[in-house]
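The values are calculated or read from the model by the stated rules, or taken from the named source; none is laboratory data. This structure is a prediction, so every number in the text was calculated from the model and none was measured. As a convention, Cβ positions derive from the backbone with ideal geometry for all residues, glycine included, and neighbour counts pool all protein chains shown. Surface accessibility is based on the protein's heavy atoms, side chains included, excluding ligands, DNA and RNA. Shrake-Rupley method; radii C 1.70, N 1.55, O 1.52, S 1.80 Å.
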Amino acid sequence: MDIVEELKDVMGDDFSLLVESFIRDGQQRLQVMKVALDGQDQEALRAQAHSFKGSSSNLGALQVRDYCLALETLASRGELAAAPAEMEKLESAFLKASEALKSV
């Protein structure tokens, strides 16, 4: 919450736009990640997880960041068998983070 409060102070009224952008971007990334996983495209999954990890970290969505890191690592190693379970956790964490950010 410290990160969120700092961002709110810096961004003022534009904070809500940042949250909306994060949510929209996150939804798109999740879709691309699902397609990559379905197609066993480990590089696309790794790249999307890496980018999503950064934006999540910047907004203080630390569980989202952690699941993205796990997916990035799995994809880098070519260990996609465990990725569907991590995707489910990521989606759940993203929904929780989105709701929390909208309520700030």
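Couple of notes before you dig in:
- Output for the stretch 1-33, where each listed residue is under 21 Å from SER92 (Cβ atoms), part of a helix (DSSP H, G or I) and of a type in the set (A, V, I, L, M, F, W, C): ILE3, VAL4, VAL19, PHE22, ILE23, LEU30, VAL32, MET33
- Residues of the stretch 83-95 satisfying the condition of being more than 24 Å from GLY60 (Cβ to Cβ) and open to solvent by 50 Å² or more (accessible area, probe 1.4 Å): PRO84, ALA85
- Counting the residues of the stretch 28-82 that are under 17 Å from LYS96 (Cβ atoms) and either β-branched (Val, Ile, Thr) or surrounded by fewer than 14 Cβ atoms within 10 Å (Cβ to Cβ) (or both) gives 2.
- Residue list for the stretch 53-69, filter: of a type outside the set (A, V, I, L, M, F, W, C) and in a helix (DSSP H, G or I): LYS53, GLY54, SER55, SER56, SER57, ASN58, GLN63, ARG65, ASP66, TYR67
- Residue within the stretch 34-52 that is modelled with pLDDT of 95 or more, assigned to a helix (DSSP H, G or I) and under 21 Å from VAL104 (Cβ atoms) present: yes
- Of all residues making up the stretch 78-104, the number that are farther than 18 Å from LYS34 by Cα and in a helix (DSSP H, G or I): 7
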